[in-house]
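Data block below; observations after.
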Amino acid sequence: MSDAPDQANRATILNGIRRSLHRGELSGAQRQVVEARLAEPPRGPMVARANLPQPDKVALFCQWAEANNATVARVAATDVASEVASYLARNNLPAEAAMAPGPALDGFDWASQKMLALRRGRGEGSDHVSITGAFAGIAETGTLVTASGPEHPVTLNLLPDTHIVVLREADIVGGYEDVWVRLRARYGKDRMPRTVNTITGPSRTGDIEQTIELGAHGPRRMHIVVVRE
């Protein structure tokens, strides 16, 4: 399939923006500067507190995630499924969940949890619990990063009241700039996912009388299962 229609539409939009800003076409030198920046995007500043050895990044991520109202369990890969089932039981939640259909969660022993009913697919309004992986965790702020696509429908991040995220230690990075590098390496410059969500703890708002209310625009509970390498 030709990319010509997309390129023409893009050119129309950008030309309209330039006209509204009273700017002409890019000169040859300006275009070279822009193309060089796009080819090798510069890194932004890094926060010193996240410039740590990997074990310390993992510890810092867990510390900040808990500070942001998430709960965290660090377990071996063999214990992921049992930790999920135990979390649901501890919180008097139904032993059923919508789980991301991608292969990232296939390596765990879900079959060992006979009472846990899992449905693979997108999130629905009737779902109480979702289980997903994550593209990365950011030690700097305790933030999770998810990339949308067939393997991770974005509705799993938003609709259920409880979001359980399985995150491997190797996917915890220092800061946000590390995430953009990983995204470009995974997807390619022109093939980014439609949506990249950054999630710092459960949904909350302080709009009403400056009182924090959890679950305002999404899950009111977030449980992060960090898988030890």
Using a Förster distance of 35 Å, the FRET efficiency for Ala77-Arg43 (Cβ separation, nearest 0.05): 0.65
Rounded tilt (10° steps) of 176-187 against the dominant C-alpha axis of the chain: 80
The chain - mean residue ellipticity at 222 nm from DSSP helices (-39,500 (n - 2.57) per run, n ≥ 4, rounded to 500): -9500 deg cm²/dmol
In degrees, nearest ten, helix 54-67 long axis to first principal axis of the chain (Cα): 80
Nearest 10 degrees, 0 to 90: helix 28-39 Cα axis against the chain principal axis: 20
Loop-located trypsin sites (Lys or Arg not before Pro) in the stretch 138-195, at most 16 other Cβ atoms within 10 Å (DSSP): Lys189, Arg191, Arg194
Fraction of beta bridges assigned by DSSP in the chain that are antiparallel (%, nearest 5): 30
Cα centroid of the stretch 25-95 to Cα centroid of the stretch 132-190, whole Å: 6
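No value in this document is a laboratory result; all are computed from the given coordinates. Because the structure is a prediction, the values reported are computed rather than measured. Please note: Cβ atoms are built from the backbone with ideal geometry, for glycine as well, and neighbour counts cover all protein chains shown.
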